[in-house]
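K.L.:
One structure, pasted below without further comment.
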Amino acid sequence: MEVSDLYEELKSDLFRFAYSIARHEQEGKDLVQDAWIKSLKEEQLLKLPLHKQKAWFYRVMKNKLIDERRKDKRITEWEEDADSAVPDLTSGRLEMTELLSRLSPDLSDIVFKRYWLNLSSKEIGERLNLPASTVRYKLQTAIKQLRKVLEEDER
């Protein structure tokens with residue numbers, strides 16, 4: 001049996017399983033894709049009986065999902081810690097509008113979504129079609145710029 005034959009044989013079961021554990025279509029597709037990429041490195045996989053091949057894919061997808069969930073939890077904890085290091089941005093609306101106007105529109109939008117709408121970097125990324133890591137980087141850049149502005153204003 002070749003890899004393409006195996007894919008055709010298992011794809012509907014794998015997608016069904018991935019969607020059931022991920023509860024999100026795109027995340028399920030990513031799990032299946034990651035499992036197939038990993039399977040290309042497993043030379044012994046094609047020699048196993050079909051039920052063991054299917055079990056191998058299920059286990060790989062489940063472990064990948066667990067890893068992703070743990071990673072997301074660590075990132076969320078990191079964001080909460082990072083929020084405590086943010087300068088006081090809760091002053092009056094007029095002052096806040098003035099501060100945000102000193103940022104580029106994209107950075108201002110991210111700061112607004114994070115601190116006024118209380119969206120996570122993942123949620124902001126989904127809305128802006130950006131990876132969550134890029135959102136966190138831009139947020140960090142914006143905070144540095146705001147700190148600099150606040151320090152200059154204090155002088």
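K.L.:
Restricting to the stretch 52-67, count the residues that are without any contact (Cβ under 8 Å) to a residue 40 or more places away in the chain and either of a type in the set (F, W, Y) or surrounded by fewer than 16 Cβ atoms within 10 Å (Cβ to Cβ) (or both).
P.N.:
Filtering the stretch 52-67 down to residues without any contact (Cβ under 8 Å) to a residue 40 or more places away in the chain leaves 52, 55-56, 59-60, 63-64, 66-67.
This time we only want the ones that are either of a type in the set (F, W, Y) or surrounded by fewer than 16 Cβ atoms within 10 Å (Cβ to Cβ) (or both), so: 52, 55-56, 59, 63, 66-67.
Residues flagged as without any contact (Cβ under 8 Å) to a residue 40 or more places away in the chain and either of a type in the set (F, W, Y) or surrounded by fewer than 16 Cβ atoms within 10 Å (Cβ to Cβ) (or both) within the stretch 52-67 amount to 7.
K.L.:
Let me ask something else about it. In the stretch 130-148, which residues are farther than 28 Å from Q26 by Cα and surrounded by 14 or more Cβ atoms within 10 Å (Cβ to Cβ)?
P.N.:
From the stretch 130-148, those farther than 28 Å from Q26 by Cα are 141-148; that's our starting set.
Correct list: T141, A142, I143, Q145, L146.
K.L.:
Within the stretch 1-50, restricting attention to residues that are among the β-branched types (V, I, T) and touching a residue at least 12 places away in the same chain (Cβ under 8 Å), which residue is nearest to M61 (Cα to Cα)? Before the answer, list the steps.
P.N.:
Initial filter on the stretch 1-50 (among the β-branched types (V, I, T)): 3, 21, 32, 37.
If we keep only those that are touching a residue at least 12 places away in the same chain (Cβ under 8 Å) as well, we get 3, 21, 32.
Values: V3: 18, I21: 9, V32: 7 Å.
So the residue we want is V32.
K.L.:
Right, next: Yes or no: E27 among the charged types (D, E, K, R) and surrounded by 14 or more Cβ atoms within 10 Å (Cβ to Cβ)?
P.N.:
On the way: among the charged types (D, E, K, R): yes; surrounded by 14 or more Cβ atoms within 10 Å (Cβ to Cβ): yes.
Here the answer is yes, as E27 does meet what is asked.
K.L.:
So, R59, is that one among the charged types (D, E, K, R) and under 20 Å from E126 (Cα atoms) or not?
P.N.:
no
K.L.:
Look through the stretch 1-38, keep the residues that are part of a helix (DSSP H, G or I) and among the basic types (K, R), and return whichever of them is farthest from K54 (Cα to Cα).
P.N.:
If we filter the stretch 1-38 for residues that are part of a helix (DSSP H, G or I), which is where we start, we get 3-22, 25-38.
From what's left, among the basic types (K, R): 11, 16, 29, 38.
Values: K11: 10, R16: 12, K29: 16, K38: 14 Å.
Looking at residues that are part of a helix (DSSP H, G or I) and among the basic types (K, R), I get K29.
K.L.:
Filter the stretch 117-155 for residues that are of a type in the set (V, I, T) and over 18 Å from the mean Cα position of the chain (by Cα) and give the result. Don't jump to the end; show me each part of the working.
P.N.:
Of the residues in the stretch 117-155, the ones of a type in the set (V, I, T) are 124, 134-135, 141, 143, 149.
Within the stretch 117-155, T141, I143, V149 meet the criteria.
K.L.:
Being over 29 Å from E126 (Cβ atoms) and among the hydroxyl-bearing types (S, T, Y) is true for just one of S39, S20, S12, S4. Which residue is that? Explain how you work it out, then say what you get.
P.N.:
Working: S39 fails: over 29 Å from E126 (Cβ atoms); S20 fails: over 29 Å from E126 (Cβ atoms); S12 fails: over 29 Å from E126 (Cβ atoms).
It is S4.
K.L.:
In the set T90, T76, which member is under 17 Å from Q140 (Cα atoms) and either touching a Pro at 6+ places or on another chain (Cβ under 9 Å) or modelled with pLDDT under 85 (or both)?
P.N.:
Values: T90 fails: under 17 Å from Q140 (Cα atoms).
When all the criteria are applied, what remains is T76.
K.L.:
Looking at the stretch 116-129, which of its residues are surrounded by fewer than 17 Cβ atoms within 10 Å (Cβ to Cβ) and not basic (K, R)?
P.N.:
W116, L117, N118, E123, E126, L128, N129
The values are calculated or read from the model by the stated rules, or taken from the named source; none is laboratory data. Treat the numbers as computed from the prediction; the structure is a model and nothing was measured. With ideal geometry, Cβ positions are generated from the backbone for all residues, glycine too; neighbour counts draw on all protein chains shown.
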